[in-house]
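The values are calculated or read from the model by the stated rules, or taken from the named source; none is laboratory data. Keep in mind the model is a prediction, meaning the values are calculated, not measured. Cβ placement follows ideal geometry from the backbone for every residue including glycine, while neighbour counts extend to all protein chains displayed.
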Amino acid sequence: MPREPLEDSEGFVTEVCWRYYVNGQTQAEVARDMGVTRLRVNQAIQKAKSLGLVKIQIESPFVTRLEEQKRLEQAGVGKALVVPVDHNNYDYHAPVGAALAHYLTTTLKTEPWKRIGVSWGVTLQRAMERLPLHSLPDLEILALMGGTAAGSSFNAFSIASGFAERFDANYSHLVAPIYLPDDVDKDVFLSQEIYASHIERCLSADAALLVVGDVSDLSFMVKYGLPGDLTMQELRDAGAVGDVLGRFLDADGNEIDHPLNERTVGVDLNALADIPNKILTAAGKHKVPIIHAAIKRGLVDTLVTDDLTADILLERMT
């Protein structure tokens, strides 16, 4: 049955605009997905313009699907931000990336964060592209993990410097590969001053921007980061459902018993759990198992996702 939203509801108006401007849906598609007439969609867009809600980005806190958000928080997520997506032309990077950009812009108006740690991936690249320019010269952006030569536009090096550019902030790379060769002692490697001081600053971060990947060809970590002699099947056989900061977890959030995890260059997950604002931005049916695992591990304070992912995740959590 079609919904009958209140014409004066800012939540309704903003969802219309999110679908139209961010998701790129036509007015007819928005009307279909929201169960209203095309005329009501057009009226909502015009109202948003008259109220000044629509500029370069949607300036409103009401960009979430409140029902899914509340249910996720009741299921154990500290804070959830859920955005609507076009289920017929699904993009699991751009809408949640835009939502993260909105969240950061809003949060940094009131939170005196001095250090933000970042992982890497396409979702964070999409968030970075949506960020308006800020002037936060006292802020430092820190790469939480090593990087790769491939995937240069969204690897650790580009993401850290890209966020710093948008924030007019300082940044620091962890200039190392994500996985060390077998014959390199990781403890000795990371004890070097350049790495030890970087990791120490990461551990004092006010927030960490995280993504996750599954164990399939859809994962850029699997596609670009894994050593050439390692297969996806080997990780699956060890129980892996995906990775956080390059460390592969099983469905319960435990690191799998595999030598690869011992070769990972970056912040240890136990230490990551102590960072006070861990913000995971992730969407897609294929990522639900690793999102759930990260929540179980205590690595998620704020979850930024979409309504499709939220519904599937809730089936697992409740």
### Message
Could you check region 301-316 and list, in sequence order, the residues that are in contact with a Leu (Cβ under 8 Å, 6 or more places away or on another chain) and closer than 17 Å to Gly97 by Cβ?
### Response
Thr302, Leu303, Val304, Thr305, Ala310
### Query
When residues of region 83-116 are filtered for being of a type outside the set (Ser, Thr, Tyr) and over 19 Å from Tyr21 (Cα atoms), how many remain?
9
### Query
Do we find a residue being buried (at least 20 other Cβ atoms within 10 Å of the Cβ), part of a loop (DSSP other than H, G, I, E, B) and modelled with pLDDT of 90 or more anywhere in region 146-158?
yes
### Inter-residue pairs, beta-carbon under 8 Å, first in contact (Cβ under 8 Å) with a residue 40 or more places away in the chain and over 18 Å from His134 (Cβ atoms) and in region 165-181, second of a type in the set (Phe, Trp, Tyr) and surrounded by fewer than 18 Cβ atoms within 10 Å (Cβ to Cβ), 6+ apart
Leu174/Tyr195; Ala176/Phe189; Ala176/Tyr195; Leu180/Phe189
### Message
Taking the conditions exactly as written (of a type outside the set (Lys, Arg), surrounded by fewer than 17 Cβ atoms within 10 Å (Cβ to Cβ) and part of a loop (DSSP other than H, G, I, E, B)), does Leu218 satisfy them or not?
### Response
yes
### Message
Going by what's in this entry, would Leu190 be described as closer than 18 Å to Ile279 by Cα and modelled with pLDDT of 90 or more?
### Response
no
### Task
Of the numbered conditions (1) touching a residue at least 12 places away in the same chain (Cβ under 8 Å); (2) under 30 Å from Gly35 (Cβ atoms), Gln74 fails exactly one; give the number of that condition.
(1)
### Query
Taking Ala207 and the conditions (1) surrounded by 14 or more Cβ atoms within 10 Å (Cβ to Cβ); (2) in contact (Cβ under 8 Å) with a residue 40 or more places away in the chain; (3) touching a helix residue (DSSP H, G or I) at 6+ places or on another chain (Cβ under 8 Å), which numbered condition does it fall short on, given that it satisfies the others?
(3)
### Query
Is at least one residue of region 162-170 among the basic types (Lys, Arg), surrounded by fewer than 23 Cβ atoms within 10 Å (Cβ to Cβ) and more than 20 Å from the chain's Cα centre (by Cα)?
no
#### Entry: Of all residues in region 80-125 being farther than 19 Å from Ile141 by Cβ and among the aromatic types (Phe, Trp, Tyr), the one that is surrounded by the fewest Cβ atoms within 10 Å (Cβ to Cβ)
Tyr90
